[in-house]
Every structure is written in structure tokens, then in C-alpha cells.
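**Q** Mind looking over this structure? Questions follow.
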Amino acid sequence: MDVQGTVASGFEPVKDAFARNFAEQGERGAAVTVYRHGQKVVDLWGGTRDIDGDAPWEQGTATIVRSATKGVAAAVPLLLHQRGHLDLDAPVGTYWPEFKARGKERTLVRHLLSHRAGVPVLDRPLRMDELAEGPASVAAQAPEWEPGTGHGYHAQTYSWLVGELVRRVTGRGIGSWIADELSGPLGLDLWLGLPAA
């Protein structure tokens, strides 16, 4: 596999490991960039970016970030708090009244952000055509533990919890808010919901 890009002196083993992903692990397309002390020391890409394996991965090819978007999403309520629009110690129901159902009345905004809300999964998984019902579903169910007393990674519900809170506070979806308030002003190629362009 032809790996493109550069590595600073001393970081050649990173390029070797990256190339092994293709040769030995079946990687189809990927990129990696590493900064050390504010300096870019690794900037590599290789493979293909399409399902057929015809289009080469290029510098700047957009990719899915998966769970790392939780950190970006969490920045939105924190910025809303900083701007005086959201109280981290207020009950979620202050902003999202339906969320108070079935023992979640004292769930605080900070519990949503820290995976302590007690609703890490839905009682009933949703089909693809039901995903828009996620916020209502998570609001309607009972918590698995008393909110704030335990911790469990909310991998399946975090986007609905934080996204709906942001929508209730700002009137905008979290992807739109990020585009207008973070990505646009900072010149980032970062989207929650890929724009048509």
C-alpha cells in the first residue's frame, strides 16, 4: 500500500505501523495526524475512500469520527453555560419538561454530560425508521439507577440527551449550532450531520 504524507525525524515507526495496518490488518482507507508540543510531526493517509475501493484517500478526505463527537457535543452545553444560557446544576426538566418522567425529576444537566443520568440504553431499541423518536423514548423511560449516584457510558443515548437539551435551550439542532458557533468561526472541517456540499 502506498502511504502518502510526511513524518518528522524520529517518527518513522509511526509510518511503518500505519503501513502495516494496510498490509496485515486489512485496513482499506485511513489517515492519521499527530501533533507534539504544538508541532505537526505525523501527517499520513493511504488506501481508498469509497466502498468499491476505486477512489484514493486524499489529504483532507472527510471521515466519520464516531464516539469522539461526544466531546464536541459536550462542548456545546458548556459554552451555553459559559454564555449564561444553561445552568449545569439545574434539573434537565427545567429545559426539557418531558424528561422529568419516571424518577428522573432530579437529574441535573451535569449528569447528562458526565454519563450519570442513568439512561445509557433504551428500554426498547429503535429501528432505523424510528430514530427521530430517540429523545421522546429516552425521556419517557425510567432510569437504570438513581441519576447522579452511578456512572455508565451512555454510548447509545448521549446524542439524544445532549442534542435534545441543546435544541430545547437554543431552538436549533446541535449540528446546526456547531456549524454556526464553532466550525464556521474557527474554520474547522467538522460537522455533526454532513452538509450536502
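The values are calculated or read from the model by the stated rules, or taken from the named source; none is laboratory data. What you see is a predicted model; the values in this text were computed from it and never measured. Cβ atoms come from the backbone with ideal geometry, glycine included; neighbour counts cover every protein chain shown. The accessibility values were calculated without ligands, DNA or RNA, using every heavy atom of the protein model including side chains. Shrake-Rupley method; radii C 1.70, N 1.55, O 1.52, S 1.80 Å.
**Q** Write out, first by first residue and then by second, each pair whose Cβ atoms fall under 7 Å of each other, whose residues are 6+ apart or on separate chains, and whose first residue, in the stretch 169-180, is under 14 Å from residue 96 (Cα atoms) while the second is surrounded by 15 or more Cβ atoms within 10 Å (Cβ to Cβ) and among the hydroxyl-bearing types (Ser, Thr, Tyr).
**A** Short answer, once both residue conditions are applied: 169/95.
**Q** Take the residues in the stretch 180-189 that are in contact with a Leu (Cβ under 8 Å, 6 or more places away or on another chain) and open to solvent by 40 Å² or more (accessible area, probe 1.4 Å), then tell me which one is nearest to residue 68 (Cα to Cα). Break it down into steps so the answer makes sense when it comes.
**A** Here is the first cut: in the stretch 180-189, the residues in contact with a Leu (Cβ under 8 Å, 6 or more places away or on another chain) are 181-183, 188.
Within this subset, residues satisfying the condition of being open to solvent by 40 Å² or more (accessible area, probe 1.4 Å) are 181, 188.
Working: 181: 19, 188: 15 Å.
Within the stretch 180-189, the match that is nearest to residue 68 (Cα to Cα) is 188.
**Q** Something else now. Which one of the conditions (1) under 24 Å from residue 81 (Cα atoms); (2) open to solvent by 30 Å² or more (accessible area, probe 1.4 Å); (3) under 17 Å from the mean Cα position of the chain (by Cα); (4) at pLDDT below 95 does residue 156 fail to meet, given that it meets all the rest?
**A** Going through the list (1) under 24 Å from residue 81 (Cα atoms); (2) open to solvent by 30 Å² or more (accessible area, probe 1.4 Å); (3) under 17 Å from the mean Cα position of the chain (by Cα); (4) at pLDDT below 95, residue 156 breaks only (1).
**Q** Still on this structure, I have one more. So which residues in the stretch 35-50 are open to solvent by 40 Å² or more (accessible area, probe 1.4 Å) and not aromatic (Phe, Trp, Tyr), if there are any at all?
**A** The answer is 36, 37, 38, 39, 40, 49, 50.
**Q** Another one. Give me a count of the residues in the stretch 78-102 that are of a type in the set (Lys, Arg) and either closer than 24 Å to residue 133 by Cα or under 20 Å from the mean Cα position of the chain (by Cα) (or both). Let's see the steps before the verdict.
**A** Our first condition is that a residue be of a type in the set (Lys, Arg); within the stretch 78-102, this holds for 83, 100, 102.
Checking the rest, the ones that are also either closer than 24 Å to residue 133 by Cα or under 20 Å from the mean Cα position of the chain (by Cα) (or both) come to 100, 102.
The total comes to 2.
**Q** Of the residues 84, 26, only one is within 30 Å of residue 157 (Cα to Cα), free of Cβ contacts under 8 Å to residues at least 24 places away in the same chain and open to solvent by 30 Å² or more (accessible area, probe 1.4 Å); which?
**A** Working: 26 fails: within 30 Å of residue 157 (Cα to Cα).
Testing whether each residue is within 30 Å of residue 157 (Cα to Cα), free of Cβ contacts under 8 Å to residues at least 24 places away in the same chain and open to solvent by 30 Å² or more (accessible area, probe 1.4 Å) leaves just 84.
**Q** Let me ask another. Which members of the stretch 138-153 meet the condition of being open to solvent by 60 Å² or more (accessible area, probe 1.4 Å) and either among the polar types (S, T, N, Q) or in contact with an Asp or Glu (Cβ under 8 Å, 6 or more places away or on another chain) (or both)?
**A** 149
**Q** Any residue at all in the stretch 1-8 that is of a type in the set (S, T, N, Q) and either open to solvent by less than 40 Å² (accessible area, probe 1.4 Å) or under 21 Å from the mean Cα position of the chain (by Cα) (or both)?
**A** Residues of the stretch 1-8 that are of a type in the set (S, T, N, Q), as a first pass: 4, 6.
If we keep only those that are either open to solvent by less than 40 Å² (accessible area, probe 1.4 Å) or under 21 Å from the mean Cα position of the chain (by Cα) (or both) as well, we get none.
No - not one qualifying residue is present in the stretch 1-8.
**Q** Checking residue 135 against (1) at positive phi; (2) buried (at least 19 other Cβ atoms within 10 Å of the Cβ), which test does it fail?
**A** Here residue 135 clears every test but (1).
**Q** Another one. Hey, residue 161 hits all of (1) touching a Ser or Thr at 6+ places or on another chain (Cβ under 8 Å); (2) in contact (Cβ under 8 Å) with a residue 24 or more places away in the chain but one; which does it fall short on?
**A** (1)
**Q** Assess whether residue 104 counts as being open to solvent by less than 80 Å² (accessible area, probe 1.4 Å) and of a type in the set (Lys, Arg). So that I can check it myself, show each step before the final result.
**A** On the way: open to solvent by less than 80 Å² (accessible area, probe 1.4 Å): yes; of a type in the set (Lys, Arg): yes.
Taking the combined requirement at face value, the residue satisfies it.
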